[in-house]
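Okay, structure first, notes after.
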Amino acid sequence: MAQWYFGDASSKFRPYVGAGINYTTFFDNGFNDHGKEAGLSDLSLKDSWGAAGQVGVDYLINRDWLVNMSVWYMDIDTTAN
């Protein structure tokens, strides 16, 4: 994820945006008891590539501490068999 910060590095309030690529892999796939009772026995999920985005803000409390808030978007598109 590449991030672009706005404002001066010493500012108390620094908004930013980010963009990148997301890779999702699935492992230990299986059904819970309800799925097994319904007769489902095998589950396969295909790995996924997609876009990722982020917007956020850092608020500098003092020289040693800051508060970060952000929202992320991940595009996950898989096929289930």
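Some values worked out for this structure:
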| item | result |
| --- | --- |
| Globularity index of segment 21-68, i.e. its alpha-carbon radius of gyration over 2.2 N^0.38 Å | 2.12 |
| Rough spin-label spacing in nm, given labels placed 7 Å along Cα→Cβ, for Tyr73 and Met1 | 1.4 nm |
| Inter-probe distance in nm under a simple model that places probes 7 Å from Cα toward Cβ, at Tyr59 and Leu43 | 3.9 nm |
| Radius of gyration and maximum dimension Dmax of the chain, Cα, Å | 19.9, 60 |
| Cβ-based net charge around Asn22, under 14 Å, with every Lys or Arg adding one and every Asp or Glu removing one | -3 |
| Relative contact order, percent, the chain [alpha-carbon distance under 8 Å, six or more residues apart] | 31 percent |
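Here, each number is a calculation from the coordinates, and none is a lab measurement. As the structure is a computational prediction, the values presented were derived from the model and not from experiment. For neighbour counting, all protein chains shown are included, and Cβ atoms are generated from backbone atoms with ideal geometry for every residue, glycine included.
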